[in-house]
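Down below is the structure, laid out as structure tokens.
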Amino acid sequence: MTKERVVMQVVQETGEIEEIPLTEEDLRLDWKKGTCCYCGVGCGVLIGNKDGRVLKVRGDPNHPANYGLLCGKGATLPQMVHTPDRLHYPQVRADRQRPHERVTWETAIGYVAERWKDIIRRHGPDSVAFYISGQMYSEDYYVVNKLAKGFLGTNNVDSNSRLCMASAVTGYVTSLGADAPPGCYADIELSDCFFLIGTNTAACHPVTFERIRRRKLHAAKRVKAIVVDPRRTRTADIADIYLPIQPGTDVALLNAMLHVLIAENLIQPDFIKRHTTNWEEMRRVAQEYPPERAAAICGVDAEAIAAAARLFGRARAAMSFWSMGLNQSSHGTAKNNAVINLHLATGHIGRAGAGPFSLTGQPNAMGGRETGGLSHLLPGHRLIANEQDRREMETLWGVPSGRIADQPGLHAVSLFDALAEGRVKSVWILCTNPVVSMPNLNRVLEAFSRAELVIVNDIYHPTETTQLADVILPAAQWAERDGTVTNSERCISHSSKAVEPPGEALPDWEILCRFAREMGLGESFGFRSAEDIFEEYKRTTLGKDLDITGVTYERLQQGSLQWPCPTPAHRSTLRRYTDGVFSHPDGKARFVVHGYKPPAEETDAAYPFVLTTGRVRDQWHTLTRTGKIPVLMKKDPSGFVEVNTADAAQLGLASGDPVEVTSRRGSATAPCRVTDAIKSGTCFMPFHWGSLWGDAVVNRATIESHDPLSKQPELKYCAVQLKKAAELSHA
């Protein structure tokens, strides 16, 4: 590392940039390139280490996702590596009434293999399942999919990305013909209209938000922003138009915006005619949503809807950003299609500064989709339901024709239902904590109690999930192993090993390969390194829309690359569809038409409030990492319930009072925060806090209803009642 720019730049919650100088001692550290292991922004980092410990981190000034900038979580990465609760050794218990006991790797893997052989022999291959994570590297994802789908004979591999980006995947595929955003982060500096809907970007993707904020600041008269959110978060502070819609009403709003675009001739008829299909049906449905009708559904002013449409339609180049607010819905695919419809109608796609851009929640949710990490996918954006795709993968994996089952496996919600019903006997969980993050946790706990064998790969113990495991396997984590991730803009980055993992911890791929060898599959799982796996995986992308056969570890160590990148001489593909040719067989994008439908569970007299969930800026998923870092716990030391001022007065609540939030499924209790920043009739709880932290476990109340196409659950909307609780419980 040179002495140039020897500071760490951290974006504060206020938007100010704090520059933290690095000392002379810091400059004598060994610095390795890596990628932040938190959100899907995919920030490049430099990892400073010495004597086997990660001591410092700073943003990589050459990485295109962040150019050196980090958020508060990224700046504290070293503090979550060497912690007292790290898992060092495999642990097994044969009886759930007894504690876990340390065993050798040989014993642990042998035990799991013996049990799975027996379960599969008695009940068939679909009696076992893997539940994995968007925080795994692509190499891990590839190995688990090859093992399960190609060799064990089950497609029961699903990811917590199902809770994150599944609706965006389905939206892109149905509208454009293929997964993934067509644009890139560099478009932010070229856009003059930002449409942020269903995303608290300032809290959940702070570095990307800072780029948007700076773009607005530097061209305030020309660059405009529209923010749509039932909560007025810091993201809304940059809005020229803020639309605090009723939760779940996004499709009505988006159709009304299209109505205005049509009425005021702000569409692009030539683009529509040449590059899209189904326009007349789209036009007909849009006519049914004048702003006045949408205003009544959404709870916002009709003129504000029209004004937002005009900003979008008159822009030279408009970008849309969205995340869980659209995706986590029983109509999540429809909401994604409706956003993309605005871009297709106005031609704001396939060119600099314009395009529909879903913000990925996890660091490698994109890479997981590429490697086949959902129950309906195979590597290379192939589909299990497609016979040709199955035959291609059988050839690539060297397994007999027909080996890959022709039906998609169980998605996340149905997987835990199947465990609870006894149809799945064993689940192997890697790098995730579903006993906090899944909806309707009482059902999930029932599933764990019914399972014959629960195996968990993790880096810490205890978590809410490892406590319930029969076998706990210690995994190497960020900075302790090599691997690749793909961020929200299709950018593949290599993350280097900086230090050795503690004790006997191993990379997930190596744990799985040891298991495969114990199952008698050694010839196909003889990988010696993550690079070996990457080289095999990339061959599955040859000729596909995400072709990365030109990517190597050597190239990635020089800098990240955006796919497709089909040859060694090929440079990053910043934008897709620049020629107006989309990925459907006829080369045209589709207007996918939806009318507004209410959420799966509406409010009533018994449950009169809408509960919506989400993240806070300084925490990550279920606190297993960020909960250990004191500076990140300062602002939000516990879970909380946001309640509108008028609602709080009617209920006799004051800030700090314990509030019990109860649905038809369960209850959570947390301190009240009285605020005017949330719509009356709606309350908000963050989902980070699990039972190890007290009773602020919001997913005890949430509903498992899910989108019929994407299978993503409706974590943003369920009906609840609120009342003052007797006291708060603290772990």
*Please state the relative contact order of the range 7-80 as a whole percent: Cα pairs under 8 Å, 6+ residues apart?*
29
_Net +/- balance of residues flanking P658 in space, Cβ distance below 15 Å, scoring K and R +1, D and E -1_ = -2
*Antiparallel DSSP bridges in the range 609-724: what percent, to the nearest 5?*
60
*Taking Cα centroids, how far is the range 673-689 from the range 698-731 in Å?*
13
*asked:* Could you tell me how many cubic angstrom of Cα convex hull volume the range 325-457 has per residue?
replied: 165
*Calculate how many DSSP beta bridges within the chain are antiparallel, expressed in % of all such bridges and rounded to the nearest 5.*
50
_List the pairs from K117/K628; K635/K711; K635/K724 whose alpha-carbon separation is above 29 Å, in the order I gave them._
K117/K628; K635/K711
_Local electrostatic count at K724 - Lys and Arg +1, Asp and Glu -1, tallied over other residues with Cβ under 12 Å_ = -2
*Which shape class, rounded, prolate or oblate, goes with the range 7-80 when its Cα gyration tensor gives a ≥ b ≥ c as root eigenvalues, a/c under 1.5 marks rounded, and past that a/b bigger than b/c marks prolate?*
prolate
_Contour excess over end-to-end distance, with Cα ends at D301 and R571 and 0.36 nm allotted per residue_ = 92.5 nm
*Between A726 and D240, what FRET efficiency comes out of the Förster formula 1/(1 + (r/R0)^6) with R0 = 56 Å and r the beta carbon distance, rounded to 0.05?*
0.80
*Pulled fully out, how much extra length does the chain show between A405 and R274, if you take 0.36 nm times their separation in residues and subtract their Cα-Cα distance?*
43.3 nm
*Please give the calculated 222 nm ellipticity per residue for the chain, where each DSSP H segment of at least 4 residues contributes -39500 (n - 2.57) and the sum is spread over every residue; nearest 500 deg cm²/dmol?*
-8000 deg cm²/dmol
*Which distance in Å, rounded to a whole number, links the C-alpha centroids of the range 133-190 and the range 293-307?*
35
_Per-peptide average of other Cβ atoms within 10 Å, ordering 358-371, 470-483 highest first_ = 358-371, 470-483
*If you find the alpha carbon centre of the range 385-444 and of the range 228-284, how far apart are they in angstrom?*
36
*For the chain, what is the relative contact order in percent, using Cα pairs closer than 8 Å and at least 6 residues apart in sequence?*
18
_Taking 2.2 N^0.38 Å as the expected size of a compact globular protein, what ratio does the Cα radius of gyration of the chain give against it, to two decimals?_
0.91
*With a point put 7 Å past each Cα toward its Cβ, work out how far T23 is from Q97 in nm, to one decimal.*
5.5
*Relative to the present Cα-Cα distance, how much length would full extension add between T107 and N386 at 0.36 nm per residue of separation?*
96.5 nm
*About the Cα centre, charge dipole magnitude for the range 166-358 (Lys/Arg +1, Asp/Glu -1 at Cβ), debye*: 520
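Just so you know, all these numbers are worked out from the coordinates, no wet-lab data involved. Keep in mind that this is a model prediction, so the values were computed, not measured. Every residue, glycine as well, gets a Cβ built from its backbone with ideal geometry; the counts of neighbours run over all protein chains shown.
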